[in-house]
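Written below as structure tokens is the structure these notes are about.
The values are calculated or read from the model by the stated rules, or taken from the named source; none is laboratory data. Just so it is clear, the model here is predicted, and its values are computed rather than measured. Please note: Cβ atoms are built from the backbone with ideal geometry, for glycine as well, and neighbour counts cover all protein chains shown. Ligands, DNA and RNA are excluded from the accessible area calculation, which covers all protein heavy atoms including side chains. Shrake-Rupley method; radii C 1.70, N 1.55, O 1.52, S 1.80 Å.
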Amino acid sequence: MSTKVSDHILERLRAWGVEQVFGYPGDGINGLLAAWGRAEDRPRFIQSRHEEMSAFEAVGYAKFGGRIGVCAATSGPGAIHLLNGLYDAKLDHVPVLAIVGQTNRTAMGGSYQQEVDLHTLYKDVASDFVETVTVPEQLPNVLDRAIRTAYARRSPTALIIPADVQELDYSPPTHEFKMVPSSLGMSDYTATPTDEALRRAADVLNEGDKVAILVGQGAAGAVAEVQEIAELLGAGVAKALLGKDALSDELPYVTGPIGLLGSRPSYELMRDCDTLLTIGSSFPYTQFMPDFGKARGVQIDIDPHMIGMRFPYEVNLVGDARATLARLIPLLRSDRGGREWQDTVCANVKRWHETMERRAGLSADPINPEYVARALDPLLPDNAILTSDSGSVANWYARHITMRPGMRGSLSGTLATMGPGVPYAIGAKFAHPDRPVFALVGDGAMQMNGLAEMITAAKYRDRWSDPRLVVGVWNNRDLNQVTWEMRAMQGAPSFLPSQEIPDVQYAAFARSLGLTGIRVEKPEEVEAGWRAALEADGPAVIEFLTDPAVPPIPPHATWEQMEATAASILKGDADRGSMIRQGLKAKVQEFLPGGKDKDKR
Ligand SMILES: Cc1ncc(C[n+]2csc(CCOP(=O)(O)OP(=O)(O)O)c2C)c(N)n1
Ligand SMILES: [Mg+2]
């Protein structure tokens, strides 16, 4: 039997170690689907409910698995549906390959059924590599390059394969003019800066008395080195959200998240430091970094395209975080004096944890959303993987979940799209079938994507050796993050037609799929609810009726404001009913996310 182009593609994916492709069928990839049948489903075809979910699953798989995620979709509408997930990969720097169909070559340019100019459509999202296969001899090169480029640039790449090309007999490139043969694989490699640049960086750091370190996902491979340099410099360490799992929250000098969803000690760390060392982060919000002129800066980043922005750094070290820190550390002086700066940071961190605990302990109507996250925190197994959706739940994930060594967590950090919570978790289950996975999701995101994707979780539950896939839903009947943003920025009352959402029976829906479904309506049932979800023998949805009146207070609110306003709002002192209708009183509005005091230090 001859090998068709489609057979060759699957064979080559297997040769690259690709174990599954997250996809959705359509006649634009019928040739490939037939090849999948001939190949006995190797790599395995994982069917979602929507191509955007396939892309998110590939992103989740790549984020947690540390290897390329592959997704596939038909021409036209299928390829269009992939886009948001591919942009998520692009903005968070994740290697993903998209394979999409196209109409037959004879129909191209004929305004044919489902014909979309995919090369143009994908030109931006897959700007590092997008190619249309028109003859068999382009393979394997274009596939190999798409994979190598995705790894090298940590970005999405795309192959467009017309339906009729998939059906052609495969013939490899020959040893001739205008042929481009290719080979498999590439070695690991390590980028490091020059000695001279390292010395300049060491000079800046050695002269600093109050050092702040900011880590992002690029620091994840350098845990020991980040700890060593933080201790050597007597520094505090703040974490961008994508770097939440890069360093343990149990270290006393780790100030936790930074930015609008961040912590007060991170805010103070940046406000009061005299030196900033950023490692593997392109955290975008300059206003949460030190004032210009107040602190000197050094940045370490693997990507010369991304370095040197956001803050006027004096030294921009291009290199792998671990290798660079290993060479930088010996250049730092070990005779630093007092530890007052780090002691202050540690005291602030302690105070923050106490404040957070008190905020979570306040009663609400019916359940305080902060408490839901806080109650889960101690129940999380050491090897837990967490995903968070976009929405107010990301605040609670950022502030109440304690990352311990070995735990993993991620969210759509840069695109901040709604909807990846559940599909990321499914991708994580395929990357680590033996680990428990938790998705923290708002009701809006659950209605947008999560509910349908529970069908996918039910379909594949038997593939996962650890049955635990716990989806927690904050059911506040509101698109709450935006409601608060409107109140803060526009001083506007909540515009109910856009903000209110229906109360859906998430747990009952899960049960209708044969999954565990738990609805928690009272605070005293929260902890037992989480425990029951953890003991389920398969995927579980646990929904909590939470109070939309709890504000996601930003980190620059003073300690007093944090305690007082939450308490007064929850007690009803702030005229809660009219607050919901008329927007917040000016006093509270002052420090809401984006409110008029946002830059006040
Ligand atoms: C695709 C997409 N659409 C809209 C938004 C804007 N947005 C950000 S958070 C949010 C509300 C999310 O609501 P929900 O999931 O219920 O979470 P909550 O904030 O209520 O906890 C919206 C609409 C977005 N980030 N992504
Ligand atoms: Mg909501």
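Here are a few things to note about the model shown:
- Residues of segment 389-400 that turn out to be within 13 Å of ligand 2 (Cβ to nearest atom), open to solvent by less than 10 Å² (accessible area, probe 1.4 Å) and within 13 Å of GLY421 (Cβ to Cβ), as a count: 4
- Whichever residue in segment 392-407 is polar (S, T, N, Q) and more than 14 Å from the chain's Cα centre (by Cα) and, among such residues, is farthest from ligand 1 (Cβ to nearest atom): THR402
- Within segment 1-25, the only residue that satisfies the criterion of being at pLDDT below 95 and aliphatic (A, V, I, L, M) is MET1.
- Flag for VAL471 being within 16 Å of ligand 2 (Cβ to nearest atom), assigned to a strand (DSSP E or B) and either at pLDDT 95 or above or open to solvent by 20 Å² or more (accessible area, probe 1.4 Å) (or both): yes
- Test: residue in segment 54-65 that is of a type in the set (Asp, Glu) and assigned to a loop (DSSP other than H, G, I, E, B): no
- Selection of segment 268-280 for residues being open to solvent by 10 Å² or more (accessible area, probe 1.4 Å) and farther than 15 Å from LEU205 by Cα yields GLU268, ARG271, ASP272, GLY280.
- Pair list, Cβ < 7 Å and 6+ apart or interchain, from segment 48-59 residues that are open to solvent by 20 Å² or more (accessible area, probe 1.4 Å) to residues that are of a type in the set (S, T, N, Q): ARG49/THR456; GLU52/ASN84
- Test for MET489: is it assigned to a helix (DSSP H, G or I), at pLDDT below 95 and more than 14 Å from ligand 2 (Cβ to nearest atom): yes
- Segment 92-136, residues that are of a type in the set (Asp, Glu), within 13 Å of GLY28 (Cβ to Cβ) and surrounded by fewer than 17 Cβ atoms within 10 Å (Cβ to Cβ): none
- Residue that is open to solvent by 60 Å² or more (accessible area, probe 1.4 Å), among the basic types (Lys, Arg) and in the same structural domain as GLY60 (by TED's automatic domain parsing), where the choices are ARG154, ARG148: ARG154
- Qualifying residue in segment 411-423 (condition: within 16 Å of ligand 2 (Cβ to nearest atom), more than 16 Å from the chain's Cα centre (by Cα) and at negative phi): no
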